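Just so it is clear, none of the values below were taken in a lab; they were calculated from the coordinates. Since we're looking at a predicted model, the values are computed, not measured. With ideal geometry, Cβ positions are generated from the backbone for all residues, glycine too; neighbour counts draw on all protein chains shown.
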Amino acid sequence: MAGIAHNLRMVRERIHVAERKAGRTEDSVALLAVSKTQPLEAIREAAAAGQREFGESYVQEGCNKAQALVELGLVWHFIGPLQSNKTRQVARWFDWMHSVERLKIAQRLSEQRDASLPPLNVCIQVNVSGEESKSGVAPEEALALAREVELLPRIRLRGLMCIPEPSSDATLQRSRFAQLASLKRGIEQALGVTLDTLSMGMSDDLEAAISEGATIVRVGTAVFGSRAARSEE
Ligand SMILES: *Cc1c(COP(=O)(O)O)cnc(C)c1O
């Protein structure tokens, strides 16, 4: 676990280099530290090094961590698949939900979000690679879903998220991210809204994502080291 502060500095430097290369302002890209499967101690260490935003993929694990570390005032992002019987926990403990892919999930999150909390920040996950097994709405369905989600009272639609298939083909990788950026512009125009978030890019492809307009990169391995294998909840 040693070296999380060092890893964070390295990742922030990669982000800054990519921002400069893309002609973007410094700190236009936020770093989400993906702490799934990592112990509380690793999150405390990252927090002590100045990291505020953390991403979790499993409901029970994420809620337990958010609750255990509540005194640190961290910002929690849910980034994994979510079944409708677990929306209440996400509505209670998280500040962001990146992986909305069905209206029913968004409706439940809106209904269950307590009035004492700010609206839940939401991204719609888009399956840009068209892989059968991947989560996310098909690109051609994203606008219709965004139109409905935008109307929900306790939710704030912030933008789009994607997890393209891993690829060593830099051109293909960039084209997936460019597609998400273009889809966001289309939705903004069609709905007359501004969406400020493109959640895309991970440890291996954050540079490509930043060059195509990512505003949040979700980085696990490069911050915390490799994860133990874990089965779904
Ligand atoms: C695990 C995970 C990440 C982080 O992946 P790394 O390759 O470890 O950086 C990012 N996004 C999602 C949705 C994840 O589940």
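Amide hydrogen proximity for Val137: with H placed 1.01 Å from N in the peptide plane, the residues at 5 or more positions away or on another chain lying under 5 Å are Gln125, Val126, Asn127. Where does the chain land at 222 nm, in deg cm²/dmol rounded to the nearest 500, when only DSSP H runs of n ≥ 4 count, each adding -39500 (n - 2.57), divided by all residues? Result for the chain: -12000 deg cm²/dmol, rounded to the nearest 500.
Distance between the modelled labels on Met10 and Ala49, one decimal in nanometres: 0.9 nm (7 Å Cα→Cβ projection). When only Cα pairs below 8 angstrom with a gap of at least 6 residues are kept, the range 9-109 shows a relative contact order of 20 percent.
Only lysine pairs 8 or more places apart, or on different chains, with alpha-carbon atoms under 18 angstrom apart are counted in the chain, and they number 4. Membrane-span-like helices in the chain: DSSP H runs reaching 27 Å or more (Cα, own axis), mean Kyte hydropathy at least -0.5? TM-like helix candidates: 170-191. Once the Cα-Cα distance is subtracted from the 0.36 nm per residue extended length, the Asp114 to Glu41 segment shows a gain of 23.4 nm.
A straight line joining the Cα centroids of the range 150-204 and the range 4-28 runs 20 Å.
The loop-placed GluC sites (Glu not before Pro) in the range 1-84, going by DSSP, that have at most 12 neighbouring Cβ atoms within 10 Å of their Cβ come out as Glu26.
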